[in-house]
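Asks: Quick one: structure below, then a few questions.
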Amino acid sequence: MREQKKAKEKEPMFSAKVLKLLKNPLNLENPVTVQVLGICSALAVTVQMKPAIVMALSVTVVTAFSNLIISALRNTIPSRIRIIVQLVVVAALVIIVDQLLKAYVYDVSKKLSVFVGLIITNCILMGRLEAYAMANKPWPSFVDGIGNGIGYGLILVIVAFFRELFGSGKFIGIPVIPKGFYEIGYVDNGLMILPPMALITIGIIIWVQRSRTKELQEK
Amino acid sequence: MDNLFNLFVRSIFIDNMIFAYFLGMCSYLAVSKTVKTSVGLGIAVTFVLLVTAPVNWLVDYYLLKPGALAWLSKDLADLDLSYLSFMIFIAVIAAIVQLVEMVVEKFSPSLYNALGIFLPLIAVNCAILGVALFVQEREYTTISEVTVYAVGSGIGWFLAIVTLAAIREKITYSNIPKPLRGLGISFIITGLMAIAFMSFMGIKI
(Lines give C-alpha, C1' and ligand atoms only; values in the text may rest on other atoms or scores of the structure.)
Protein backbone atom coordinates (compact mmCIF):
# COMPACT_ATOMS: atom_id res chain seq x y z
CA MET A 1 0.00 0.00 0.00
CA ARG A 2 2.76 2.43 0.92
CA GLU A 3 4.47 1.84 -2.40
CA GLN A 4 1.23 2.57 -4.17
CA LYS A 5 0.90 5.92 -2.40
CA LYS A 6 4.41 6.90 -3.40
CA ALA A 7 3.68 6.11 -7.02
CA LYS A 8 0.61 8.26 -6.82
CA GLU A 9 2.53 11.24 -5.48
CA LYS A 10 5.10 11.08 -8.24
CA GLU A 11 2.66 11.40 -11.09
CA PRO A 12 -0.96 12.51 -11.18
CA MET A 13 -3.38 9.66 -10.69
CA PHE A 14 -4.91 9.96 -14.12
CA SER A 15 -2.00 11.06 -16.25
CA ALA A 16 -2.20 10.60 -20.00
CA LYS A 17 -0.24 7.36 -19.73
CA VAL A 18 -2.65 5.88 -17.21
CA LEU A 19 -5.67 6.93 -19.22
CA LYS A 20 -4.17 5.21 -22.23
CA LEU A 21 -3.96 1.99 -20.22
CA LEU A 22 -7.68 2.29 -19.71
CA LYS A 23 -8.56 3.17 -23.27
CA ASN A 24 -6.28 0.95 -25.37
CA PRO A 25 -7.81 -2.40 -24.39
CA LEU A 26 -11.19 -1.20 -25.63
CA ASN A 27 -10.14 -1.19 -29.25
CA LEU A 28 -6.51 -1.37 -30.39
CA GLU A 29 -5.39 -3.87 -27.75
CA ASN A 30 -8.67 -5.57 -27.04
CA PRO A 31 -7.91 -8.71 -25.05
CA VAL A 32 -10.43 -10.87 -26.91
CA THR A 33 -10.27 -9.76 -30.52
CA VAL A 34 -6.64 -8.63 -30.77
CA GLN A 35 -4.60 -10.32 -28.06
CA VAL A 36 -6.70 -13.53 -28.36
CA LEU A 37 -6.85 -13.96 -24.61
CA GLY A 38 -9.67 -15.28 -22.49
CA ILE A 39 -11.86 -16.65 -25.23
CA CYS A 40 -12.31 -19.86 -23.30
CA SER A 41 -14.91 -18.50 -20.96
CA ALA A 42 -15.99 -15.55 -23.08
CA LEU A 43 -18.27 -17.47 -25.38
CA ALA A 44 -20.15 -19.84 -23.18
CA VAL A 45 -21.70 -17.18 -20.96
CA THR A 46 -23.10 -14.99 -23.72
CA VAL A 47 -26.50 -16.55 -24.32
CA GLN A 48 -28.12 -13.79 -22.28
CA MET A 49 -27.09 -10.33 -21.14
CA LYS A 50 -27.35 -10.87 -17.40
CA PRO A 51 -24.80 -13.66 -16.96
CA ALA A 52 -22.54 -11.89 -19.45
CA ILE A 53 -22.54 -8.69 -17.39
CA VAL A 54 -21.95 -10.56 -14.15
CA MET A 55 -19.11 -12.50 -15.75
CA ALA A 56 -17.56 -9.32 -17.15
CA LEU A 57 -17.68 -7.67 -13.72
CA SER A 58 -16.15 -10.70 -12.02
CA VAL A 59 -13.31 -10.89 -14.52
CA THR A 60 -12.65 -7.15 -14.21
CA VAL A 61 -12.47 -7.35 -10.43
CA VAL A 62 -10.23 -10.40 -10.43
CA THR A 63 -7.91 -9.02 -13.11
CA ALA A 64 -7.57 -5.64 -11.42
CA PHE A 65 -6.87 -6.99 -7.95
CA SER A 66 -4.59 -9.81 -9.04
CA ASN A 67 -2.61 -7.29 -11.09
CA LEU A 68 -2.41 -5.05 -8.02
CA ILE A 69 -1.29 -7.83 -5.68
CA ILE A 70 1.23 -9.41 -8.04
CA SER A 71 2.62 -6.01 -8.93
CA ALA A 72 3.06 -5.15 -5.27
CA LEU A 73 4.83 -8.47 -4.72
CA ARG A 74 6.75 -8.48 -7.97
CA ASN A 75 10.17 -7.86 -6.45
CA THR A 76 9.83 -10.59 -3.85
CA ILE A 77 8.57 -13.41 -6.11
CA PRO A 78 11.37 -15.74 -7.26
CA SER A 79 10.97 -16.01 -11.01
CA ARG A 80 11.11 -19.83 -11.04
CA ILE A 81 7.94 -20.27 -9.04
CA ARG A 82 6.09 -17.20 -10.25
CA ILE A 83 3.42 -19.16 -12.12
CA ILE A 84 2.44 -21.01 -8.95
CA VAL A 85 2.37 -17.77 -6.96
CA GLN A 86 0.24 -16.12 -9.61
CA LEU A 87 -2.14 -19.07 -9.70
CA VAL A 88 -2.53 -19.06 -5.93
CA VAL A 89 -3.30 -15.33 -5.81
CA VAL A 90 -5.77 -15.62 -8.67
CA ALA A 91 -7.39 -18.73 -7.23
CA ALA A 92 -7.88 -17.01 -3.87
CA LEU A 93 -9.55 -14.02 -5.53
CA VAL A 94 -11.76 -16.26 -7.65
CA ILE A 95 -12.87 -18.17 -4.57
CA ILE A 96 -13.93 -14.87 -2.99
CA VAL A 97 -15.82 -13.82 -6.13
CA ASP A 98 -17.47 -17.24 -6.41
CA GLN A 99 -18.65 -17.17 -2.79
CA LEU A 100 -19.99 -13.62 -3.26
CA LEU A 101 -21.90 -14.61 -6.39
CA LYS A 102 -23.35 -17.66 -4.65
CA ALA A 103 -24.48 -15.46 -1.78
CA TYR A 104 -26.03 -12.57 -3.71
CA VAL A 105 -26.99 -13.70 -7.22
CA TYR A 106 -27.49 -17.42 -6.82
CA ASP A 107 -29.46 -17.97 -10.05
CA VAL A 108 -26.80 -16.31 -12.19
CA SER A 109 -24.06 -18.19 -10.38
CA LYS A 110 -25.87 -21.47 -11.20
CA LYS A 111 -26.06 -20.43 -14.86
CA LEU A 112 -22.37 -19.56 -15.02
CA SER A 113 -21.66 -23.00 -13.48
CA VAL A 114 -18.03 -23.96 -13.94
CA PHE A 115 -17.12 -20.80 -15.79
CA VAL A 116 -16.57 -18.77 -12.63
CA GLY A 117 -13.94 -21.29 -11.60
CA LEU A 118 -12.45 -21.11 -15.04
CA ILE A 119 -11.59 -17.44 -14.51
CA ILE A 120 -8.47 -18.89 -12.86
CA THR A 121 -7.21 -20.25 -16.14
CA ASN A 122 -8.55 -17.33 -18.12
CA CYS A 123 -5.66 -16.34 -20.30
CA ILE A 124 -6.35 -12.63 -19.78
CA LEU A 125 -5.22 -12.97 -16.19
CA MET A 126 -2.02 -14.87 -16.81
CA GLY A 127 -1.33 -12.80 -19.90
CA ARG A 128 -1.65 -9.45 -18.15
CA LEU A 129 0.19 -10.67 -15.04
CA GLU A 130 3.11 -11.88 -17.10
CA ALA A 131 3.15 -9.07 -19.61
CA TYR A 132 2.34 -6.11 -17.41
CA ALA A 133 2.08 -6.58 -13.66
CA MET A 134 5.45 -8.32 -13.28
CA ALA A 135 7.21 -5.26 -14.68
CA ASN A 136 5.16 -2.26 -13.56
CA LYS A 137 4.11 -0.33 -10.47
CA PRO A 138 0.94 -1.32 -8.62
CA TRP A 139 -1.27 1.62 -9.63
CA PRO A 140 -0.74 1.39 -13.41
CA SER A 141 -1.09 -2.38 -13.14
CA PHE A 142 -4.39 -1.98 -11.35
CA VAL A 143 -5.65 0.36 -14.08
CA ASP A 144 -4.34 -2.00 -16.74
CA GLY A 145 -6.35 -4.78 -15.12
CA ILE A 146 -9.50 -2.67 -15.10
CA GLY A 147 -8.94 -1.63 -18.72
CA ASN A 148 -8.49 -5.19 -19.91
CA GLY A 149 -11.45 -6.36 -17.86
CA ILE A 150 -13.62 -3.71 -19.50
CA GLY A 151 -12.30 -4.55 -22.96
CA TYR A 152 -13.20 -8.18 -22.33
CA GLY A 153 -16.58 -7.19 -20.92
CA LEU A 154 -17.32 -5.02 -23.94
CA ILE A 155 -16.99 -7.94 -26.35
CA LEU A 156 -18.98 -10.16 -24.00
CA VAL A 157 -21.82 -7.64 -23.83
CA ILE A 158 -21.88 -7.05 -27.59
CA VAL A 159 -22.03 -10.77 -28.32
CA ALA A 160 -24.65 -11.35 -25.63
CA PHE A 161 -26.73 -8.41 -26.93
CA PHE A 162 -27.04 -9.87 -30.42
CA ARG A 163 -27.50 -13.43 -29.24
CA GLU A 164 -30.24 -12.52 -26.80
CA LEU A 165 -31.96 -10.13 -29.21
CA PHE A 166 -32.09 -12.51 -32.17
CA GLY A 167 -32.15 -15.75 -30.17
CA SER A 168 -34.98 -15.00 -27.78
CA GLY A 169 -36.18 -11.50 -28.70
CA LYS A 170 -35.23 -10.07 -25.33
CA PHE A 171 -32.93 -7.47 -23.80
CA ILE A 172 -31.77 -8.27 -20.24
CA GLY A 173 -34.79 -10.53 -19.90
CA ILE A 174 -37.35 -7.94 -21.11
CA PRO A 175 -39.09 -8.80 -24.40
CA VAL A 176 -38.33 -6.00 -26.88
CA ILE A 177 -39.55 -7.37 -30.18
CA PRO A 178 -43.18 -6.24 -30.56
CA LYS A 179 -45.94 -8.86 -30.47
CA GLY A 180 -47.10 -7.76 -33.92
CA PHE A 181 -43.89 -9.06 -35.45
CA TYR A 182 -44.58 -12.57 -34.19
CA GLU A 183 -48.14 -12.35 -35.48
CA ILE A 184 -47.01 -11.66 -39.02
CA GLY A 185 -44.68 -14.62 -38.88
CA TYR A 186 -41.40 -13.48 -37.28
CA VAL A 187 -39.70 -16.35 -35.45
CA ASP A 188 -36.84 -16.18 -32.97
CA ASN A 189 -33.72 -17.69 -34.44
CA GLY A 190 -33.08 -20.70 -32.24
CA LEU A 191 -29.62 -21.16 -33.74
CA MET A 192 -28.41 -17.97 -32.04
CA ILE A 193 -28.79 -19.62 -28.62
CA LEU A 194 -26.63 -22.57 -29.62
CA PRO A 195 -22.84 -22.47 -29.09
CA PRO A 196 -21.71 -22.23 -32.76
CA MET A 197 -23.26 -18.82 -33.26
CA ALA A 198 -21.15 -17.32 -30.47
CA LEU A 199 -18.06 -18.20 -32.47
CA ILE A 200 -19.46 -16.80 -35.68
CA THR A 201 -20.62 -13.61 -33.93
CA ILE A 202 -17.10 -13.02 -32.61
CA GLY A 203 -15.73 -13.74 -36.07
CA ILE A 204 -17.98 -11.02 -37.45
CA ILE A 205 -17.02 -8.56 -34.69
CA ILE A 206 -13.36 -9.12 -35.58
CA TRP A 207 -14.21 -8.60 -39.24
CA VAL A 208 -15.94 -5.27 -38.53
CA GLN A 209 -13.19 -4.09 -36.19
CA ARG A 210 -10.40 -4.94 -38.62
CA SER A 211 -12.09 -3.33 -41.57
CA ARG A 212 -12.26 -0.13 -39.54
CA THR A 213 -8.70 -0.24 -38.18
CA LYS A 214 -6.38 -1.30 -40.98
CA GLU A 215 -3.26 -1.78 -38.84
CA LEU A 216 -4.80 -4.82 -37.13
CA GLN A 217 -5.14 -6.81 -40.34
CA GLU A 218 -3.07 -9.96 -40.74
CA LYS A 219 -1.22 -10.83 -43.90
CA MET B 1 -20.20 -51.00 -19.61
CA ASP B 2 -22.79 -49.61 -22.02
CA ASN B 3 -23.04 -46.57 -19.85
CA LEU B 4 -19.29 -45.99 -20.02
CA PHE B 5 -19.18 -46.36 -23.78
CA ASN B 6 -22.08 -43.97 -24.10
CA LEU B 7 -20.27 -41.45 -21.90
CA PHE B 8 -17.14 -41.86 -24.01
CA VAL B 9 -18.93 -41.15 -27.28
CA ARG B 10 -20.86 -38.29 -25.70
CA SER B 11 -17.75 -36.59 -24.40
CA ILE B 12 -16.01 -36.80 -27.78
CA PHE B 13 -18.79 -35.71 -30.09
CA ILE B 14 -21.67 -34.09 -28.26
CA ASP B 15 -20.12 -32.45 -25.21
CA ASN B 16 -17.03 -31.58 -27.19
CA MET B 17 -14.73 -29.34 -25.16
CA ILE B 18 -14.23 -26.88 -28.02
CA PHE B 19 -17.50 -26.95 -29.89
CA ALA B 20 -19.92 -27.10 -27.00
CA TYR B 21 -18.06 -25.42 -24.13
CA PHE B 22 -15.30 -23.38 -25.78
CA LEU B 23 -12.72 -24.67 -23.32
CA GLY B 24 -9.05 -24.44 -24.19
CA MET B 25 -9.79 -21.96 -26.95
CA CYS B 26 -6.67 -19.86 -26.41
CA SER B 27 -4.16 -22.55 -27.26
CA TYR B 28 -6.61 -24.01 -29.78
CA LEU B 29 -6.43 -20.81 -31.83
CA ALA B 30 -2.79 -20.04 -31.17
CA VAL B 31 -1.25 -23.43 -31.93
CA SER B 32 -3.41 -24.60 -34.82
CA LYS B 33 -1.28 -23.22 -37.63
CA THR B 34 0.27 -26.55 -38.64
CA VAL B 35 -1.03 -30.08 -38.26
CA LYS B 36 2.20 -31.39 -36.77
CA THR B 37 2.34 -29.10 -33.75
CA SER B 38 -1.37 -29.42 -33.12
CA VAL B 39 -1.09 -33.22 -33.02
CA GLY B 40 1.63 -32.81 -30.37
CA LEU B 41 -0.46 -30.47 -28.27
CA GLY B 42 -3.55 -32.63 -28.67
CA ILE B 43 -1.73 -35.71 -27.40
CA ALA B 44 -0.25 -33.74 -24.51
CA VAL B 45 -3.66 -32.42 -23.45
CA THR B 46 -5.26 -35.86 -23.64
CA PHE B 47 -2.46 -37.36 -21.59
CA VAL B 48 -2.54 -34.66 -18.91
CA LEU B 49 -6.34 -35.00 -18.69
CA LEU B 50 -6.00 -38.76 -18.27
CA VAL B 51 -3.72 -38.20 -15.27
CA THR B 52 -5.19 -35.10 -13.61
CA ALA B 53 -8.92 -35.77 -13.78
CA PRO B 54 -8.88 -38.99 -11.70
CA VAL B 55 -6.48 -37.45 -9.18
CA ASN B 56 -8.66 -34.38 -8.82
CA TRP B 57 -11.72 -36.57 -8.46
CA LEU B 58 -10.03 -38.57 -5.69
CA VAL B 59 -9.06 -35.36 -3.91
CA ASP B 60 -12.60 -34.07 -4.23
CA TYR B 61 -14.18 -37.36 -3.16
CA TYR B 62 -12.01 -38.05 -0.13
CA LEU B 63 -11.12 -34.54 1.05
CA LEU B 64 -13.26 -31.70 -0.22
CA LYS B 65 -16.85 -32.84 -0.72
CA PRO B 66 -19.36 -32.04 2.03
CA GLY B 67 -18.92 -34.83 4.53
CA ALA B 68 -16.00 -36.31 2.62
CA LEU B 69 -13.73 -36.34 5.65
CA ALA B 70 -16.01 -38.79 7.47
CA TRP B 71 -13.53 -41.60 6.78
CA LEU B 72 -10.98 -39.79 8.96
CA SER B 73 -13.06 -39.32 12.07
CA LYS B 74 -16.70 -38.83 12.97
CA ASP B 75 -16.14 -35.28 14.20
CA LEU B 76 -15.22 -34.14 10.71
CA ALA B 77 -18.29 -35.64 9.05
CA ASP B 78 -20.15 -32.34 8.66
CA LEU B 79 -17.17 -30.40 7.32
CA ASP B 80 -17.55 -28.90 3.85
CA LEU B 81 -14.32 -27.86 2.20
CA SER B 82 -15.68 -27.56 -1.31
CA TYR B 83 -14.96 -23.82 -1.43
CA LEU B 84 -11.27 -24.74 -1.52
CA SER B 85 -11.69 -26.82 -4.64
CA PHE B 86 -10.55 -24.18 -7.16
CA MET B 87 -7.26 -23.68 -5.40
CA ILE B 88 -6.61 -27.36 -4.77
CA PHE B 89 -7.52 -28.37 -8.33
CA ILE B 90 -5.25 -25.82 -9.94
CA ALA B 91 -2.42 -26.72 -7.56
CA VAL B 92 -2.83 -30.42 -8.36
CA ILE B 93 -2.87 -29.66 -12.08
CA ALA B 94 0.20 -27.42 -11.93
CA ALA B 95 2.09 -29.99 -9.87
CA ILE B 96 1.15 -32.92 -12.11
CA VAL B 97 2.05 -31.02 -15.24
CA GLN B 98 5.46 -30.29 -13.75
CA LEU B 99 5.84 -33.95 -12.82
CA VAL B 100 4.77 -35.18 -16.24
CA GLU B 101 7.25 -32.80 -17.79
CA MET B 102 10.10 -34.19 -15.71
CA VAL B 103 9.15 -37.81 -16.30
CA VAL B 104 8.79 -37.33 -20.04
CA GLU B 105 12.10 -35.49 -20.19
CA LYS B 106 13.83 -38.36 -18.38
CA PHE B 107 12.36 -41.30 -20.22
CA SER B 108 11.52 -40.08 -23.68
CA PRO B 109 13.59 -37.12 -24.81
CA SER B 110 12.17 -37.34 -28.34
CA LEU B 111 8.62 -36.97 -27.08
CA TYR B 112 9.82 -34.22 -24.76
CA ASN B 113 11.28 -32.32 -27.68
CA ALA B 114 8.07 -32.72 -29.61
CA LEU B 115 5.88 -31.52 -26.74
CA GLY B 116 8.47 -29.38 -24.97
CA ILE B 117 7.06 -25.90 -25.18
CA PHE B 118 3.44 -26.99 -24.85
CA LEU B 119 3.68 -28.93 -21.63
CA PRO B 120 4.08 -25.99 -19.23
CA LEU B 121 1.33 -24.15 -21.09
CA ILE B 122 -1.12 -26.94 -20.41
CA ALA B 123 -1.28 -26.03 -16.72
CA VAL B 124 -3.26 -22.95 -17.67
CA ASN B 125 -5.33 -24.62 -20.39
CA CYS B 126 -8.97 -24.13 -19.48
CA ALA B 127 -9.88 -27.59 -20.75
CA ILE B 128 -7.94 -29.29 -17.95
CA LEU B 129 -9.47 -27.31 -15.10
CA GLY B 130 -12.80 -27.38 -16.95
CA VAL B 131 -12.92 -31.17 -16.92
CA ALA B 132 -12.06 -31.24 -13.22
CA LEU B 133 -14.88 -28.79 -12.48
CA PHE B 134 -17.40 -30.56 -14.72
CA VAL B 135 -16.59 -33.82 -12.98
CA GLN B 136 -17.28 -32.12 -9.66
CA GLU B 137 -20.48 -30.47 -10.87
CA ARG B 138 -21.95 -33.56 -12.48
CA GLU B 139 -21.11 -35.71 -9.46
CA TYR B 140 -19.70 -38.76 -11.22
CA THR B 141 -19.59 -41.57 -8.73
CA THR B 142 -16.94 -44.01 -9.94
CA ILE B 143 -13.35 -43.47 -10.96
CA SER B 144 -13.86 -45.37 -14.23
CA GLU B 145 -16.56 -42.90 -15.26
CA VAL B 146 -14.23 -40.00 -14.53
CA THR B 147 -11.34 -41.54 -16.45
CA VAL B 148 -13.50 -42.35 -19.45
CA TYR B 149 -14.97 -38.85 -19.46
CA ALA B 150 -11.51 -37.26 -19.21
CA VAL B 151 -10.04 -39.34 -22.03
CA GLY B 152 -13.09 -38.73 -24.18
CA SER B 153 -12.84 -34.98 -23.66
CA GLY B 154 -9.15 -35.11 -24.48
CA ILE B 155 -9.77 -36.99 -27.70
CA GLY B 156 -12.53 -34.56 -28.61
CA TRP B 157 -10.15 -31.66 -28.10
CA PHE B 158 -7.46 -33.45 -30.11
CA LEU B 159 -9.90 -34.03 -32.95
CA ALA B 160 -10.99 -30.40 -32.97
CA ILE B 161 -7.50 -28.86 -33.02
CA VAL B 162 -6.18 -31.26 -35.68
CA THR B 163 -9.16 -30.62 -37.96
CA LEU B 164 -8.85 -26.86 -37.59
CA ALA B 165 -5.11 -27.04 -38.29
CA ALA B 166 -5.74 -29.12 -41.41
CA ILE B 167 -8.32 -26.63 -42.68
CA ARG B 168 -6.06 -23.68 -41.90
CA GLU B 169 -3.22 -25.28 -43.84
CA LYS B 170 -5.56 -25.67 -46.79
CA ILE B 171 -6.86 -22.11 -46.75
CA THR B 172 -3.45 -20.44 -46.69
CA TYR B 173 -3.77 -19.85 -50.40
CA SER B 174 -7.43 -18.91 -50.49
CA ASN B 175 -8.49 -15.38 -51.23
CA ILE B 176 -10.09 -14.34 -47.96
CA PRO B 177 -11.18 -10.72 -47.40
CA LYS B 178 -8.26 -8.94 -45.73
CA PRO B 179 -9.90 -7.99 -42.42
CA LEU B 180 -11.07 -11.56 -41.94
CA ARG B 181 -7.69 -13.21 -42.42
CA GLY B 182 -6.11 -15.14 -39.57
CA LEU B 183 -8.14 -14.90 -36.42
CA GLY B 184 -11.50 -13.93 -37.91
CA ILE B 185 -11.74 -16.80 -40.35
CA SER B 186 -10.56 -19.28 -37.71
CA PHE B 187 -13.50 -18.28 -35.54
CA ILE B 188 -15.95 -18.67 -38.37
CA ILE B 189 -14.50 -22.04 -39.39
CA THR B 190 -14.76 -23.22 -35.81
CA GLY B 191 -18.36 -22.05 -35.73
CA LEU B 192 -19.19 -23.97 -38.89
CA MET B 193 -17.42 -27.05 -37.55
CA ALA B 194 -19.46 -26.72 -34.36
CA ILE B 195 -22.66 -26.65 -36.41
CA ALA B 196 -21.50 -29.80 -38.17
CA PHE B 197 -20.77 -31.46 -34.84
CA MET B 198 -24.27 -30.60 -33.65
CA SER B 199 -25.58 -33.26 -35.97
CA PHE B 200 -24.25 -35.79 -33.46
CA MET B 201 -26.66 -34.45 -30.86
CA GLY B 202 -29.07 -36.99 -29.49
CA ILE B 203 -26.94 -39.98 -30.41
CA LYS B 204 -27.28 -42.71 -27.81
CA ILE B 205 -25.67 -46.11 -27.91
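The values are calculated or read from the model by the stated rules, or taken from the named source; none is laboratory data. Here the structure is a predicted model, which is why all the values come from computation and not from measurement. Positions of Cβ are generated from backbone atoms using ideal geometry, with glycine treated the same way; all protein chains shown enter the neighbour counts.
Asks: Only one residue in A:Leu156, A:Leu125 is within 13 Å of another protein chain (Cβ to nearest Cβ), under 25 Å from A:Val62 (Cα atoms) and modelled with pLDDT of 85 or more, so which one is that?
Replies: Being within 13 Å of another protein chain (Cβ to nearest Cβ), under 25 Å from A:Val62 (Cα atoms) and modelled with pLDDT of 85 or more holds for just one of A:Leu156, A:Leu125, which is A:Leu156.
Asks: Shifting gears a bit: I'm trying to understand the selection: among the residues of the range A:172-200, which are touching a Leu at 6+ places or on another chain (Cβ under 9 Å), within 14 Å of another protein chain (Cβ to nearest Cβ) and of a type in the set (A, V, I, L, M)?
Replies: A:Met192, A:Met197, A:Ala198, A:Leu199, A:Ile200
Asks: Can A:Gly190 be described as loosely packed, with under 15 Cβ neighbours inside 10 Å, under 22 Å from B:Ile14 (Cα atoms) and out of contact with any Pro (no Cβ under 6 Å at 6 or more places or on another chain)?
Replies: yes
Asks: Within the range A:86-105, track down each residue that is basic (Lys, Arg) and in a loop (DSSP other than H, G, I, E, B).
Replies: Listed by number, the list is empty, since nothing qualifies.
Asks: OK, next. Whether any residue in the range A:106-116 is away from every other protein chain (no Cβ under 14 Å), more than 20 Å from the chain's Cα centre (by Cα), part of a helix (DSSP H, G or I) and free of Cβ contacts under 8 Å to residues at least 12 places away in the same chain is what I want to check.
Replies: Yes - at least one qualifying residue is present in the range A:106-116.
Asks: Residues of the range B:62-76 being closer than 20 Å to A:Leu118 by Cα and more than 14 Å from every other protein chain (Cβ to nearest Cβ), which ones?
Replies: Of everything in the range B:62-76, just one residue is closer than 20 Å to A:Leu118 by Cα and more than 14 Å from every other protein chain (Cβ to nearest Cβ), namely B:Lys65.
Asks: Select from the range A:29-48 the residues that are surrounded by fewer than 23 Cβ atoms within 10 Å (Cβ to Cβ) and in contact with a Lys or Arg (Cβ under 8 Å, 6 or more places away or on another chain) and write down the one among them that is nearest to the other protein chains (Cβ to nearest Cβ).
Replies: A:Val47
Asks: How many residues does the range B:17-41 contain that are in contact with a Leu (Cβ under 8 Å, 6 or more places away or on another chain) and not hydroxyl-bearing (Ser, Thr, Tyr)?
Replies: Residues flagged as in contact with a Leu (Cβ under 8 Å, 6 or more places away or on another chain) and not hydroxyl-bearing (Ser, Thr, Tyr) within the range B:17-41 amount to 9.
Asks: Ok, one more. Give the residue that is nearest to the other protein chains (Cβ to nearest Cβ), with candidates limited to residues of the range B:135-166 that are without any contact (Cβ under 8 Å) to a residue 12 or more places away in the chain and part of a helix (DSSP H, G or I).
Replies: For the range B:135-166, the residue satisfying everything is B:Glu137.
Asks: Further, regarding this structure: Restricting to the range A:170-184, give me the number of residues that are surrounded by 11 or more Cβ atoms within 10 Å (Cβ to Cβ) and either in a loop (DSSP other than H, G, I, E, B) or without any contact (Cβ under 8 Å) to a residue 24 or more places away in the chain (or both).
Replies: Residues flagged as surrounded by 11 or more Cβ atoms within 10 Å (Cβ to Cβ) and either in a loop (DSSP other than H, G, I, E, B) or without any contact (Cβ under 8 Å) to a residue 24 or more places away in the chain (or both) within the range A:170-184 amount to 5.
Asks: Could you please give the count of residues in the range B:167-186 that are within 14 Å of another protein chain (Cβ to nearest Cβ), touching a residue at least 40 places away in the same chain (Cβ under 8 Å) and of a type outside the set (Ser, Thr, Tyr)?
Replies: Count: 2.
Asks: Report yes if B:Phe89 is in a helix (DSSP H, G or I), in contact (Cβ under 8 Å) with a residue 40 or more places away in the chain and surrounded by fewer than 19 Cβ atoms within 10 Å (Cβ to Cβ), otherwise no.
Replies: no
Asks: Which of the residues belonging to the range B:168-185 are at pLDDT 85 or above and crowded, with 17+ Cβ neighbours inside 10 Å?
Replies: B:Arg168, B:Ile185 - these are the residues of the range B:168-185 that are at pLDDT 85 or above and crowded, with 17+ Cβ neighbours inside 10 Å.
Asks: Do we find that A:Val90 is within 14 Å of another protein chain (Cβ to nearest Cβ) and under 18 Å from the mean Cα position of the chain (by Cα) in this structure?
Replies: yes
Asks: Another question, then. Pick from B:Leu50, B:Leu79, B:Leu84, B:Leu41: which is away from every other protein chain (no Cβ under 12 Å), part of a helix (DSSP H, G or I) and over 30 Å from B:Leu183 (Cβ atoms)?
Replies: Selected residue: B:Leu50, the only one of B:Leu50, B:Leu79, B:Leu84, B:Leu41 that is away from every other protein chain (no Cβ under 12 Å), part of a helix (DSSP H, G or I) and over 30 Å from B:Leu183 (Cβ atoms).
Asks: Tally time: how many residues in the range A:62-87 are within 14 Å of chain B (Cβ to nearest Cβ) and among the basic types (Lys, Arg)?
Replies: Of the residues in that region, 2 qualify.
Asks: Here's something else I'd like to know. Among the candidates A:Glu164, A:Glu130, single out the residue that is assigned to a helix (DSSP H, G or I), away from every other protein chain (no Cβ under 14 Å) and not basic (Lys, Arg).
Replies: Result: A:Glu164 is the single residue among A:Glu164, A:Glu130 that is assigned to a helix (DSSP H, G or I), away from every other protein chain (no Cβ under 14 Å) and not basic (Lys, Arg).
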